[in-house]
1. A4 passes all but one of (1) modelled with pLDDT under 95; (2) open to solvent by 30 Å² or more (accessible area, probe 1.4 Å); which number fails?
2. L413 - would you say it is open to solvent by less than 50 Å² (accessible area, probe 1.4 Å) and either over 22 Å from the mean Cα position of the chain (by Cα) or at pLDDT below 95 (or both)?
3. Residue by residue through the stretch 78-95, note down the ones that are open to solvent by less than 10 Å² (accessible area, probe 1.4 Å), in a strand (DSSP E or B) and away from the ligand (no atom under 12 Å from the Cβ).
4. Kindly list the number of the only condition in (1) away from the ligand (no atom under 16 Å from the Cβ); (2) surrounded by 17 or more Cβ atoms within 10 Å (Cβ to Cβ); (3) more than 20 Å from Q315 (Cα to Cα) that fails for L69.
5. Return only the number of the condition from (1) touching a Ser or Thr at 6+ places or on another chain (Cβ under 7 Å); (2) farther than 27 Å from R355 by Cβ; (3) not β-branched (V, I, T) that A170 does not satisfy.
6. Name the residues in the stretch 140-149 that are within 19 Å of K88 (Cα to Cα) and either crowded, with 21+ Cβ neighbours inside 10 Å or more than 22 Å from the chain's Cα centre (by Cα) (or both), would you?
7. In the stretch 313-328, which residues are open to solvent by less than 60 Å² (accessible area, probe 1.4 Å) and in contact with a Lys or Arg (Cβ under 9 Å, 6 or more places away or on another chain)?
8. On the basis of being within 24 Å of R355 (Cβ to Cβ), away from the ligand (no atom under 16 Å from the Cβ), out of contact with any helix residue (DSSP H, G or I) (no Cβ under 7 Å at 6 or more places or on another chain) and open to solvent by 10 Å² or more (accessible area, probe 1.4 Å), does L224 make the cut?
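The values are calculated or read from the model by the stated rules, or taken from the named source; none is laboratory data. Quick caveat: nothing in here was measured; it's all calculated off a predicted structure. With ideal geometry, Cβ positions are generated from the backbone for all residues, glycine too; neighbour counts draw on all protein chains shown. With ligands, DNA and RNA removed, areas are computed over all heavy atoms of the protein, side chains included. Shrake-Rupley method; radii C 1.70, N 1.55, O 1.52, S 1.80 Å.
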Amino acid sequence: MQGATHDGSTNGGSTKRDATRLSSTPHGRNLEPFSLYVHIPYCVSKCPYCDFNSHVAARIPEEEYTRALVRELRHYSESEAWADRPVKTVFFGGGTPSTFRGSSIGAVLEEAARLFGFDERPEITLEANPGVVDAGRFRDYRSCGVNRISIGAQSFDPELLRFLGRVHSAEETRQALKSVREAGFDNFSLDLIYGIPGQTVEGVTRDLSQALENEPPHLSAYNLTIEEGTPFHARYRQGLLRPLDDEVEIEMAERIQLTLAQAGLERYEISNYARPGLESRHNINYWNGGDYLGIGAGAHSHHRRPEDPLGERWQNERLPTGYMRRTDEAGHAVTERERPELRQAMAECLFTGLRMIGGVSVLRFERRFGTRPEGAFPDVADWLSGGLLVEDDQRLRFGRQGLLLANELFVRLV
Ligand code: SF4
């Protein structure tokens with residue numbers, strides 16, 4: 001690709017814009033670098049707990065879909081919101097992005113480099129599922145500019161993998177990780193799921209130790225949630241699936257944090273751990289409320305002018321066929337647009353910022369909304385006096401107990 005080289009740095013001449021001169025213009029346009037999300041919606045089968053926008057197709061229309069992604073990029077490169085802004089992070093998520101060849105991923109990256117240019121050291125992540133990728137494909141991703149891989153391991157326990165409907169074995173995960181390293185990726189992440197019915201705290205410990213044998217620089221540990229509309233939810237309603245008790249899940253969460261901290265992986269977000277300096281810059285941009293452009297079926301975008309406290313969000317058509325048809329006709333596939341109410345924008349700013357262990361900047365909140373968080377949400381003052389929230393260095397963050405109760409507290413906020 002032009003712009004991003006194998007180690008993720010940019011080869012100056014081919015980067016279209018000079019990132020260092022950009023911030024914002026006197027006319028209020030945001031010219032900061034932005035994050036690009038690319039949704040690849042295809043999977044080889046549907047996991048029974050999944051409510052993502054993922055689809056099983058008899059034949060994946062890879063070339064047609066890639067052309068639609070490129071069309072969308074061209075459309076947005078001419079819009080006021082994104083023109084003249086370089087890309088700082090790219091995330092290929094899904095679905096299963098590793099169903100796509102390196103040449104397709106490279107075509108999207110090349111077009112992004114040509115139209116927008118990349119920031120000095122872009123973080124370019126691709127999600128890969130073991131069993132849906134081989135060593136050659138990792139090498140191809142590396143040579144087209146991807147510099148970070150996120151592997152959906154979920155568990156190393158064969159029974160839990162079967163229960164989760166995963167198509168891969170623990171051995172395939174180990175093989176995929178070996179190939180990731182051999183392809184030259186020194187930055188990669190592993191996803192694990194915990195709180196699975198039938199799982200024990202000892203089982204979580206075993207999963208962690210197998211994950212840590214691979215020395216991941218980054219690890220995400222997500223609590224299994226039973227989402228409406230999924231086969232798991234139907235089984236739950238019929239009484240055939242019983243979630244773990246809250247106390248067991250809390251014990252698991254504490255075990256995860258302790259074990260990963262001992263291995264040098266610091267918790268920087270409720271579900272995310274990294275060696276210092278290797279946190280996901282793409283996700284930090286979401287949690288900080290930064291701008292992101294999402295392309296692909298069902299992708300979400302967010303854009304906010306510096307002087308506007310609310311911003312705007314939009315979402316693409318979810319069905320891949322409809323998405324491709326719409327981009328063909330109009331260059332984009334937006335079906336919903338929303339400008340949040342003030343209270344909703346404030347709640348979201350707090351909600352996402354507090355997910356990070358470093359918390360939310362009170363000053364930034366005040367500058368954006370003209371009030372401190374407890375001015376808008378009296379609960380926040382109670383949580384502060386009760387120790388669920390802590391304020392230091394002008395930042396508001398969860399205390400130990402607050403982190404364990406974070407989900408309940410978020411619900412009360414909205
Ligand atoms: S592989 Fe991921 S996106 Fe695909 S169905 Fe399973 S959980 Fe959903």
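1. Here A4 meets the rest and fails (2).
2. Here the answer is yes, as L413 does meet what is asked.
3. Of everything in the stretch 78-95, those that are open to solvent by less than 10 Å² (accessible area, probe 1.4 Å), in a strand (DSSP E or B) and away from the ligand (no atom under 12 Å from the Cβ) turn out to be V87, T89, V90, F92.
4. (3)
5. Of everything listed in (1) touching a Ser or Thr at 6+ places or on another chain (Cβ under 7 Å); (2) farther than 27 Å from R355 by Cβ; (3) not β-branched (V, I, T), A170 misses just condition (1).
6. Y141, S143, C144, G145, V146, N147, R148, I149
7. Of everything in the stretch 313-328, those that are open to solvent by less than 60 Å² (accessible area, probe 1.4 Å) and in contact with a Lys or Arg (Cβ under 9 Å, 6 or more places away or on another chain) turn out to be R313, W314, Q315, N316, E317, M324, T327.
8. When the stated conditions are applied, L224 does not pass them.
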